[in-house]
1. With the requirement that a residue be exposed (fewer than 15 other Cβ atoms within 10 Å of the Cβ) and either among the charged types (D, E, K, R) or within 19 Å of GLY18 (Cβ to Cβ) (or both), what does the range 39-53 give you?
2. If you go through the range 7-16 one residue at a time, do you hit one that is part of a helix (DSSP H, G or I) and surrounded by 17 or more Cβ atoms within 10 Å (Cβ to Cβ)?
3. Quick check: anything in the range 59-76 assigned to a strand (DSSP E or B) and either exposed (fewer than 11 other Cβ atoms within 10 Å of the Cβ) or of a type in the set (Ser, Thr, Tyr) (or both)?
Amino acid sequence: MLKIRRTANGEVVFTLSGRMDSESIAELEKLFRSEANGCHMVLNLQDITLANQDAVNFLERCEAGSITLKNCPAYIREWIMSQKSKLAKPVRVRRNNSDKTKD
């Protein structure tokens, strides 16, 4: 279960604690939509105890969308960076000898 606490002082900060999963992502997306356009949002992840693949994908999209990730646990940061590096690598196609055309 994820607990979400909202504070605002020039920017909106959502402090998250607990486990982050698909259900919590839906709740956060709903909260994001309810905020005024143009306000800067921050996700404080200091008290996240567990995050699954969907949560990491979501956090990566948040960061790409200019939402700041504050106090991001090292394992989540490494997971995000690992995904980014995998996406940045070109896909190499291996060909075996049967793929070559014969003269």
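1. Keep residues of the range 39-53 that are exposed (fewer than 15 other Cβ atoms within 10 Å of the Cβ), which gives 39-40, 46-47, 49-50, 52-53.
GLN46, ASP47, THR49, LEU50, ASN52, GLN53 - these are the residues of the range 39-53 that are exposed (fewer than 15 other Cβ atoms within 10 Å of the Cβ) and either among the charged types (D, E, K, R) or within 19 Å of GLY18 (Cβ to Cβ) (or both).
2. The answer is no; no qualifying residue exists.
3. Checking the range 59-76: at least one residue is assigned to a strand (DSSP E or B) and either exposed (fewer than 11 other Cβ atoms within 10 Å of the Cβ) or of a type in the set (Ser, Thr, Tyr) (or both).
Rundown of residues vs (1) acidic (Asp, Glu); (2) in contact (Cβ under 8 Å) with a residue 12 or more places away in the chain; (3) farther than 21 Å from ASN9 by Cβ, yes/no style:
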residue	(1), (2), (3)
ILE25	no, yes, yes
SER34	no, no, no
LEU50	no, yes, yes
ASN57	no, yes, yes
ARG61	no, no, yes
GLY65	no, no, yes
THR68	no, yes, no
ASN71	no, yes, no
ARG77	no, no, yes
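The numbers here are math on the coordinates, done by the rules we state, and not lab data. What you are looking at is a predicted structure, and each value in this text was computed from that prediction instead of being measured. In this analysis, Cβ positions are derived from the backbone assuming ideal geometry, glycine residues included, and neighbour counts consider all displayed protein chains.
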